[in-house]
Amino acid sequence: MGETLGYRLRELRIAKPYLRLSEAAVLLDSTPQWLSKIENDRLKPTPDALAGLANVYGVDVAELIPLWERWEQAPPPDLSDSICSGRRINDGL
């Protein structure tokens, strides 16, 4: 799949000295949860939000548009090996 929009946005935020997720969210007049969903490719930003992200991170929105256009929601995490109440479901206990 290559580089995703969320991955690129996270790279841009981290490249800004001392710009934590919560601080970036304040600059975007949003929440850390919203930004986290975007950075994890769980939510596609609107065109206006994409422009705001580009502005806060100091890049031309044209750099992000190709990634935005081919955005695909990340698959949910694989929970097949998850442990429930300290025991695996198939343990038969």
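Structural remarks
- Looking only at region 46-69, and only at residues there that are in contact (Cβ under 8 Å) with a residue 40 or more places away in the chain and not aromatic (Phe, Trp, Tyr), the one that is surrounded by the fewest Cβ atoms within 10 Å (Cβ to Cβ): Gly58
- Residue ID - nearest to Arg10 (Cα to Cα), chosen from residues in region 31-57 that are part of a loop (DSSP other than H, G, I, E, B) and out of contact with any Leu (no Cβ under 8 Å at 6 or more places or on another chain): Asn40
- Hits in region 16-28 - residues which are in contact with a helix residue (DSSP H, G or I) (Cβ under 8 Å, 6 or more places away or on another chain) and either of a type outside the set (S, T, N, Q) or closer than 18 Å to Val61 by Cα (or both): Lys16, Leu19, Leu21, Ala24, Ala25, Leu27, Leu28
Every number here is computed from the coordinates shown, using simple stated rules; none is lab data. Just so it is clear, the model here is predicted, and its values are computed rather than measured. Neighbour counts are summed over all protein chains in view; Cβ atoms, including those assigned to glycine, are modelled from backbone coordinates with ideal geometry.
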